[in-house]
């Protein structure tokens, strides 16, 4: 399993209430929905993180 990193999201009270109501009505859990929405947005934007250009094993120590 991939390492999990915690990220905080700040909403206004109104946005938070709207999001909570949406999740409840649609049967979503908040955290997995946020992850999915962010992933889908980055995919639509065509954003793909480029890997290291130099292999970590061949890199000189700092």
Item to check | Search result, residues across region 1-42 that are in contact (Cβ under 8 Å) with a residue 24 or more places away in the chain and in contact with a helix residue (DSSP H, G or I) (Cβ under 7 Å, 6 or more places away or on another chain) | outcome: 9
Checklist entry - Within region 2-23, can you find the residues that are surrounded by 11 or more Cβ atoms within 10 Å (Cβ to Cβ) and part of a helix (DSSP H, G or I)? => result 15, 16, 17, 18, 19, 20, 22, 23
Next on the checklist: If the requirement is being modelled with pLDDT of 95 or more and over 18 Å from the mean Cα position of the chain (by Cα), which of these qualifies: 59, 14?
Outcome noted: 14
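The values are calculated or read from the model by the stated rules, or taken from the named source; none is laboratory data. All figures in this text were calculated on a predicted structure; none of them were measured in a lab. Neighbour counts are summed over all protein chains in view; Cβ atoms, including those assigned to glycine, are modelled from backbone coordinates with ideal geometry.
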